[in-house]
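Computed from the coordinates by the stated procedures, all read-outs in this text should not be read as laboratory data. Predicted model only: the values in this text are computed from it and were never measured. Ideal geometry is used to build each Cβ from the backbone, glycine not excepted, and the neighbour counts take in all protein chains shown.
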Amino acid sequence: MDIKREPILSIKDLKMNYGSKEVLKGINLEVIRGEIIGYIGPNGAGKSTTVKILLGIVGGYKGDIRIFGENIDGKSMEYKKRIGYVPETSEIYDNLTAGEYLSFIGEIYGLTEEEVDDKAQRLMALFEIKDAYHNRITSFSKGMKQKLLIIASLLHNPDILFLDEPLNGLDANSVMIFKEILAELAARGKTIFYSSHIMEVVEKISSRIILLNNGENVADGTFGELKEKNFDASLEEIFNQLTGFNQHKIIAEEFVRVLQGV
Ligand SMILES: Nc1ncnc2c1ncn2[C@@H]1O[C@H](COP(=O)(O)OP(=O)(O)OP(=O)(O)O)[C@@H](O)[C@H]1O
């Protein structure tokens, strides 16, 4: 098989209910090596639910999911060692120092203490937070915590990376570095699943964009392809069109009227 076309992730007819609420209504998706998938959709569309199912955090779904060809419903946990994850909000162990936290994560993935120490310090230096290596995470700023989460997700050199609003709190310089890191990783055959509400960034970095609305895929293609089908619009406008939303001005005016007691 052409290694570049190797399917990394395959989802067939994925359905998920929370109680009587149908959250995912039959998602189909095939992702190949080296793709950067921009996974977008309105609040509550089902993006995090999809990602949590793929990570094995949420069960009880229907459908067939294969990651690296392995059905994730099986007993094997091997596939998890090849996954990295940056959650949107994290239960990061605030009482540990950055070094202790990264050692803890690295050892879960089977890295030696020396390997983790060396890699962690070098990566923290590149993100300009090395001076905080021995500091407790509670003392970190929001952006510093985010950099730590990014490093923790990548320490074991995963083949597929799930990112949920990964730019949260990063300054403009760090955003530029991180976007380059993603492009470099993809060029080296890593697959990236990028969930975000910042359309300008998704538009620029994704090799393919998937729009989820109400638990269904309503668009799937390169930004160029989506533009062609949607009157050459920006991704923000395409998002508005495909989710049937054109009320922003009316809602904003009403919001301000309520604030003013009118
Ligand atoms: N643990 C849960 N129990 C019950 N309902 C849930 C649970 N988790 C999510 N939901 C519901 O599932 C739906 C999809 O939620 P999900 O978190 O996947 O959306 P999302 O697309 O990631 O949204 P956002 O952009 O706001 O992060 C929502 O209606 C949400 O209320």
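Are there any pairs, at least 6 apart or on different chains, whose C-beta atoms fall under 9 Å, with the first in the stretch 118-143 and on the phi > 0 side of the Ramachandran plot and outside any helix (DSSP H, G or I) and the second surrounded by 15 or more Cβ atoms within 10 Å (Cβ to Cβ) and not polar (S, T, N, Q), and if so, which? Final answer for the pair search is GLU128/LYS147.
Which condition does ARG33 not pass, out of (1) within 22 Å of ASP159 (Cα to Cα); (2) basic (Lys, Arg); (3) loosely packed, with under 15 Cβ neighbours inside 10 Å, if it passes all the others? Unmet for ARG33, out of (1) within 22 Å of ASP159 (Cα to Cα); (2) basic (Lys, Arg); (3) loosely packed, with under 15 Cβ neighbours inside 10 Å: (3).
Residues in the stretch 183-196 include none that are in contact with a Leu (Cβ under 8 Å, 6 or more places away or on another chain), surrounded by fewer than 19 Cβ atoms within 10 Å (Cβ to Cβ), in contact (Cβ under 8 Å) with a residue 12 or more places away in the chain and not in a strand (DSSP E or B). The set of residues in the stretch 31-67 being charged (D, E, K, R) and either over 14 Å from PRO87 (Cα atoms) or assigned to a loop (DSSP other than H, G, I, E, B) (or both) consists of ARG33, GLU35, LYS62, ASP64, ARG66. For the stretch 68-84, the set of residues classified as surrounded by 12 or more Cβ atoms within 10 Å (Cβ to Cβ) and not in a helix (DSSP H, G or I) consists of PHE68, GLU70, ASN71, ILE72, ASP73, ILE83, GLY84, listed by residue number. Would you confirm whether any residue within the stretch 85-97 is within 16 Å of the ligand (Cβ to nearest atom), free of Cβ contacts under 8 Å to residues at least 12 places away in the same chain and exposed (fewer than 12 other Cβ atoms within 10 Å of the Cβ)? Yes, that holds for at least one residue.
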